[in-house]
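> I am attaching a structure below and will ask some questions about it afterwards.
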Amino acid sequence: MMDQLSNDVRYAMRSLRKSPGFALLAILTLGLGIGANTAIFSVIYGVLLRPLPYADSDRLVLVRQSAPPLGRADVGVSIKEFFTYRDQAADFEGLVEFHQMSFDLLKRGEPDRVNTGVVSPNFFDVLGIEPILGRSFVPQDDEPGAPAVLIVSYSYWQSKFGGDRTIVGQVLEMNDRPHTVVGVLPNVPHFPQENDVYMPTSACPFRSDAQTRIAENPRVFPILNVFGKLKPGVTRERAAAAVDTILRRFVADDTGAYRPGAGFAATALDVRAEMTRNARPMLLILLGTTGLILLIACANVANLTLARVLRRDRELAVRAALGAGRGRLVRQLLTESTVLALAGGACGLLFAGWTTGLLTTFVARFTPRTGEIALDIQVLLLTAVVSVLTGLAFGTLPAMASSTDLVTAMKQGSAGAGVGIGRRSVQSALVVAQVAVSVVLLAGAALLIASFYRLQRVDPGYNGDRVMSAELFTNFSKYPNVDAQRRFYLPLIERLEGRPGVVSVAVTNAVPLRVAQPGSGAFQIEGRVEDNPERRPTADARIVSAGFFRTLGVPLVAGRTFTESDTADSMRVVVINRAMTRYWDSSEPIGSRISLDAGRTWSTVVGVVGNVRDFGLDRDPVPQLYTPLRQTRQNLNGLVLVRTSGDPASAIGMIRDAAWALDPEMPVQNVRTLDEIRDRYLATPRLTAVLLSVFAVLALVVTMAGITGVMATSVSQRIQEFGIRMALGASRGAVLRMVIGRGLALVAAGLVIGVLASAIATRVLASYLFDTNPLDPLMFLFVGAAFALAGVVACIGPAWRATTVDPMLAVRAE
């Protein structure tokens, strides 16, 4: 058996060397199809299928609380709620907490704002993560007054400290106290946020302060994420029911902290599923897309192989007449197709190596699990399996269509014979199927492109041209309240406004398109009494300096904006946006007063400005109110905005110099223009459209190649027919139209089927579309025109060849 297989492989190689054009086209076509699937599987395996790089990761869960009646899918866990779960939930080996803060790392080059994970001392033990240097936290690290310690993430260790292996034991100054590095983590994904360093909970001053107040308010500090490891044999469903029972018990015991009707609920979620939840739908769409491309490639190569088998009918019939059985001939043909597919798989690995990088960049926007994406042994084995199956798939039909009848083969191979009707129908059906599948892919790509085009043309409500932004978050230990913060920000504005090339300067607590969710602070309009205080209107609150609206180019609709005279000693004022005016029905909001603190203080509405799409270009503007920086009583993490008359990059040095002149230890982070921030926001829909467009173009190219191959084969089989037609008076134009007409008829049939399939398939993309109907008739018109043009281009070569036949030679041959 092995000898026969070896003989078949050698014969297949010799046979393919005799048809280099066919072999090269088939290998390239299969390489594109197999390569695309290899690339997407490498991503899916690394993101969705590979176990988390933590010990016993299948037992890790995330305890999540929600309030569905309030539309809140995640309400966070408070300190007291975590303590209750930890003490009462018996289904867990351990429960640990996590929240993220930002602190200042000083005296290590430029001041650096670091993302800090604040965790239980047994956090890494429960998750099953062993440091590669040093140790994990121990209970003594979390005792009040214990020396402050840090564990450094792998990426921050590499970028900030250059992978210095002596980092353990070094003392870093963070905020107002020294912290000793006790360990370095391995290169593993972080969830739910990426962090630079980790500290025990007792070292976080905000959490420590909140813990002293949990007796009076069990919902204080509700920003914790709680992770747990299930005991062996405990199901996630059982643990979810247990934590929900615990939550409902203490919700019922305290109706003051948990208002009736809020519908608080708790559950336990699989950590790996949560880590990849946002990436899963798009990855499955891309997997389906690449699967369709492979089907198109198989249909194309099957058509090419079928045409080649037709030319080999005499050879196969003679071999059958000499004693070769039907099974022996089919096995030989399948061996040839498998050899082709394996060569295509090897070619596909090169294509996958290039595509994987693009896919990894795309997926990184949805999940932290991109560090484990690689073309490893599992992916290579899958490529081999897919290659073999692909070879069998596209080789089976031609092999079964081969003729072993010597008389029939001699007749079909004669000079005047054409291809059999059955075989011609099979070839046509394959082309129609290719076109139909390609229509589905091109329709999806067209929808995403149209959606992206409309999204990027949305008016954001501000003018970001030549505006630079920078984070200058004040250190809580040096700036403990808003008065201290103003003593930094107000002089900073004055320094920057005096610099040449600066048009205007502003300080705010939020920049458009950098915050995902709006705030929902309740307010009261003077003179109106709400029957239910819980139903008071809400708005997103902003703190801005006087030059904010001029710097961002936000239009004034009515009244006025802030001035430098709006100070703490003057009348308290606010400015609202147009969306917020709906709360006044048809009355005039300017001059009315509102309260943000249940009537203790009142502010007068002095102006209405245009709507700004702060939270997404695809989201309607929300009601917003602006409070002047000089009057606010809230602490402020300030972002500086500088509008310049020239290149905004010139403002980078200005901002740093002005900030460090006031405070040499002030971190200046994330310095970007507003146009860059907008481009980053648009990067995800842009990459989605690009990826699907690349795959759609691949499908279109492969389909065009298939149409060209079928038409070329048809023309070669009908050369004498065309010559006789022209000898009897048919013009070359008539022959040209005849050939192109047959090709376009196949395209039209595939187009009809594809449009009907697209009407169903494109609904999957509905959640990714902005202001675009999945059944947009203009899109289908575009796809139809594109395939009509592609069909003409694919047919023009074979059709032109048909018109070059010499009628006299055709008549003599006949």
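The values are calculated or read from the model by the stated rules, or taken from the named source; none is laboratory data. On a predicted model such as this, the values are computed, not experimentally measured, just so you know. FYI the Cβ positions are ideal-geometry reconstructions off the backbone, even for glycines, and counts take in every protein chain you see. Side chains included, ligands, DNA and RNA excluded: accessible areas come from the protein's heavy atoms. Shrake-Rupley method; radii C 1.70, N 1.55, O 1.52, S 1.80 Å.
> How far apart, in nm, are two points set 7 Å out from the Cα along the Cα-to-Cβ line at Leu24 and at Leu789?
2.8
> Search the structure for amide H atoms under 5 Å from the amide H of Phe92, placed 1.01 Å from N in the peptide plane, and list their residues when 5 or more places away or on another chain.
Lys231
> What residues from region 581-621 fall in the zone where the backbone N is under 20 Å from a label point 7 Å along the Cα-to-C-beta line of Arg560?
588-594, 602-610
> Which of the lysines could a cross-linker span from Lys107 if the Cα-Cα distance has to be under 26 Å and same-chain partners fewer than 8 positions apart are dropped?
Lys160, Lys478
> At what distance in nm do the modelled label points of Ser716 and Tyr11 sit from each other, each positioned 7 Å from its Cα along Cα→Cβ?
Output for this residue pair reads 2.2 nm.
> Using amide H atoms built 1.01 Å from N in the peptide plane, name the residues 5+ places from Glu173, or on other chains, whose amide H lies under 5 Å from its own.
Sorted by chain and number, the residues that satisfy this are Leu106, His179.
> Follow-up. Per-residue HN-Hα couplings for region 734-747, Karplus 6.51 cos²θ - 1.76 cosθ + 1.60 at θ = phi - 60°, whole Hz, x for Gly and Pro?
Whole-Hz 3J(HN,Hα) from phi for region 734-747: 5, 5, 4, 5, 4, 5, 5, x, 5, x, 5, 5, 5, 4.
> Oh, and also: Within straight cross-link reach of Lys229, meaning Cα distance under 24 Å, which lysines are found once same-chain residues fewer than 8 apart are removed?
Result set, ordered by chain and number: Lys80.
> Whole-Hz Karplus ³J(HN,Hα) for region 696-710, in order, using 6.51 cos²θ - 1.76 cosθ + 1.60 and θ = phi - 60°, x for Gly and Pro?
5, 5, 4, 4, 5, 5, 5, 5, 4, 5, x, 4, 4, x, 5
> With a probe of 1.4 Å, find how much accessible area the chain has per residue, and write the answer as a whole number in Å².
Working: 35260 Å² over 814 residues.
Per-residue value: 43 Å².
> Further, regarding this structure: For region 1-117, what does the alpha-carbon gyration tensor say about shape, rounded, prolate or oblate, given a ≥ b ≥ c as the root eigenvalues, a/c under 1.5 as rounded, and a/b over b/c as prolate?
prolate
> Let me ask something additional. Using a probe of 1.4 angstrom, how much of the accessible area of the chain is carbon and sulfur, in percent? Provide the component values of the computation, followed by the final result.
Values: 20260 of 35260 Å².
After summing per-atom areas, the C and S share lands at 57 percent.
> HN-Hα J couplings of region 227-239 from phi, Karplus 6.51/-1.76/1.60, θ = phi - 60°, integer Hz, Gly and Pro as x?
Couplings: 10, x, 10, 5, 5, x, x, 8, 7, 5, 4, 5, 5 Hz.
> Turning to a different aspect of this structure: Using a 1.4 angstrom probe and counting only protein chains, how large is the accessible area of Trp584 in Å², to 10?
About 10 Å², ignoring ligands and nucleic acids.
> How charged is the neighbourhood of Gln378? Take every other residue with its Cβ under 15 Å from the Cβ of Gln378, and add Lys/Arg as +1 and Asp/Glu as -1.
Residues near Gln378 contribute -1 overall.
> So which GluC sites (Glu not before Pro) in region 178-255 end up in coil per DSSP with only 15 or fewer other C-beta atoms within 10 Å?
Counting only loop positions with at most 15 other Cβ atoms within 10 Å, the GluC sites (Glu not before Pro) in region 178-255 are Glu194, Glu216.
> Subtract the Cα-Cα distance of Ala759 and Thr245 from 0.36 nm times their separation in residues, and report this length gain in nm to one decimal.
The span from Ala759 to Thr245 would gain 180.5 nm if fully extended.
> Given the DSSP H assignment, sum -39500 (n - 2.57) over each helix run of at least 4 residues in the chain and divide by its residue total; what's the result at 222 nm in deg cm²/dmol, nearest 500?
Computed ellipticity for the chain at 222 nm equals -16500 deg cm²/dmol.
> Answer rounded, prolate or oblate for region 598-677, using the Cα gyration tensor with square roots of eigenvalues a ≥ b ≥ c: rounded when a/c is under 1.5, else prolate when a/b is larger than b/c, else oblate.
oblate
> Hey, quick one: spin label on Trp584, modelled 7 Å out along Cα-Cβ, who in region 513-528 has an amide N within reach, i.e. under 17 Å?
523-528
> How far apart, in nm, are two points set 7 Å out from the Cα along the Cα-to-Cβ line at Asp253 and at Gln170?
Result for the modelled spin labels: 4.7 nm.
> According to the square roots a ≥ b ≥ c of the eigenvalues of the Cα gyration tensor, what is the shape class of region 164-210, taking rounded for a/c under 1.5, prolate for a/b larger than b/c otherwise, and oblate for the remainder? Please list the in-between numbers first.
On the way: a/c = 2.67, a/b = 1.17, b/c = 2.29.
Since a/c reaches 1.5 but b/c is at least a/b, the shape of region 164-210 is classed as oblate.
> Another question, if that's okay. Name the long-range amide H neighbours of Gly76: under 5 Å, sequence gap of 5 or more, or other chain; modelled H, no Pro or chain starts.
Here the answer is Gln65, since their amide H atoms fall under 5 Å of that of Gly76.
> Give, as a single signed number, the net charge of other residues whose beta carbon lies under 11 Å from the beta carbon of Ala649, with Lys and Arg counted +1 and Asp and Glu -1.
Local charge sum for Ala649: 0.
> Here are several values of log10 I(q)/I(0) by the Debye sum over Cα atoms at q = 0.07, 0.10, 0.11 Å⁻¹: (i) -0.54, -1.06, -1.24; (ii) -0.72, -1.15, -1.29; (iii) -0.66, -1.08, -1.21. Which one was derived from the coordinates shown?
The calculated read-out lines up with (ii).
> For Asp675 and Glu237, calculate 0.36 nm times their separation in residues minus their Cα-Cα distance, and state this gained length in nm to one decimal.
The span from Asp675 to Glu237 would gain 153.1 nm if fully extended.
> OK, next. Estimate the FRET efficiency between Glu497 and Val385 by the formula 1/(1 + (r/R0)^6), using the beta-carbon distance for r and 51 Å for R0, to the nearest 0.05.
E(calc), rounded to 0.05, equals 0.15.
> Here is a further query. Using a Förster radius of 22 Å, what is the FRET efficiency between Leu269 and Arg365 based on their Cβ-Cβ separation? Nearest 0.05, please.
Working: r = 21 Å, r/R0 = 0.97.
So, using R0 = 22 Å, E works out to roughly 0.55.
> Which FRET efficiency value, to the nearest 0.05, do you get for Tyr453 and Arg536 by plugging their Cβ-Cβ distance into 1/(1 + (r/R0)^6) with R0 = 45 Å? Please report the intermediate quantities before stating the final value.
On the way: r = 40 Å, r/R0 = 0.89.
Calculated transfer efficiency: 0.65.
> Oh, and also: Distance between the C-alpha centers of region 173-249 and region 502-520? Whole Å please.
Rounded to whole Å, the Cα centres lie 29 Å apart.
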